[in-house]
Amino acid sequence: MAVSVPKVGAKVRVTTMYPNTYAYRGKNDNYVTYTREGEVIQSIFRDPFMFAVKTGAPDHPVSEFNAKSHHIVKIEVLMGESRSVATDTKAWKVKSEDGKRVYLVQRVNGKFSCTCKGFEFRKDCKHIGAVSKR
Ligand SMILES: [Zn+2]
C-alpha cells in the first residue's frame, strides 16, 4: 500500500473532517468538513506523510497535514505533483554510542536503512540492530 503526498511547490486543496482536534457534526449527523487551499511548503515534521500548506489564513497561515490521517477527507492537487509513500514506513531516532549524534533509522516495506556511515558502506549497522530487537 502507498499514500499520495503532495510535493513541495504543488498547489493543493485539502478537505478535513476537523478544523483542529475537535469533531463537529452537522444537522444530519454528518461531519462538517473544512477546506484549506494553498502552496505546499516543507513540513517541520520529519515524517514522510507530513506536508505543510501555506494558506495565508490570518488565524493559521500554515497548516500541517498528515496524508495518512483518517481526518483527511480528500487531497486535491490543483497544480504540481505528488510523491508516493509506502504505508509500511516506520522511523526511529537512534543515538550514537558517545551520545553526540542522532541517526535516523527507517523501515520501508520491511527494508531497513540508516543515515550513519556504517550503513553507507556495509548496508547494515548496529543502529538497525538496536531497533529491530525492540
Ligand atoms: Zn546506523
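The values are calculated or read from the model by the stated rules, or taken from the named source; none is laboratory data. Fair warning: this is a prediction, and the values are worked out from it, not measured in the lab. A quick note on method: Cβ atoms are made from the backbone with ideal geometry, for glycine too, and the neighbour counts reach across all protein chains shown. Heavy atoms of the whole protein, side chains included, go into the accessibility calculation; ligands, DNA and RNA do not. Shrake-Rupley method; radii C 1.70, N 1.55, O 1.52, S 1.80 Å.
Observations
- Computed over region 37-103, relative contact order equals 19 percent, with contacts defined as Cα pairs under 8 Å that lie 6+ residues apart.
- Note on exposure: 1, 17 ranked by accessible area (1.4 Å probe, complete protein assembly) read 1, 17, with the most exposed listed first.
- Nitroxide proxy distance, nm - points 7 Å out along Cα→Cβ at residue 121 and residue 91: 2.6
- Span from the region 50-68 Cα centroid across to the region 77-134 one, whole angstrom: 26
- Peptides ranked, highest mean first, by Cβ atoms within 10 Å: ranges 36-44, 90-98: 36-44, 90-98
- Accessible area per residue for the chain, computed on protein heavy atoms with a 1.4 Å probe, is 68 Å².
- The chain: proportion of alpha-carbon pairs further apart than 23 angstrom, %: 47
- Added length on full extension, which subtracts the Cα-Cα distance from 0.36 nm per residue, residue 59 to residue 111: 14.6 nm
- Averaging the sequence gap over all C-alpha pairs within less than 8 Å and six or more residues apart, then dividing by the number of residues, gives region 6-134 a relative contact order of 20 percent.
- Accessible-area ranking of 51, 112, 45, 119, largest first, probe 1.4 Å: 45, 112, 119, 51
- Whether region 90-131 is rounded, prolate or oblate, judged on the alpha carbon gyration tensor where a/c under 1.5 counts as rounded: oblate
- For the pair residue 33 and residue 7 in one chain, pulling the backbone fully straight at 0.36 nm per residue adds 7.0 nm over the alpha carbon distance.
- Violating pairs (Cα-Cα greater than 20 angstrom) within the set 68/95; 27/74; 100/123; 68/133; 7/54; 100/126: 68/95; 27/74; 100/123; 68/133
- Rg of the Cα atoms in region 26-90, relative to 2.2 N^0.38 Å, amounts to 1.25.
- Shown for the chain: the carbon plus sulfur share of the solvent-accessible area, taken with all protein chains present and a 1.4 angstrom probe, equals 51%.
- Per-residue ellipticity at 222 nm computed for the chain from its helices equals -2500 deg cm²/dmol, with DSSP H segments shorter than 4 residues left out and the rest contributing -39,500 (n - 2.57).
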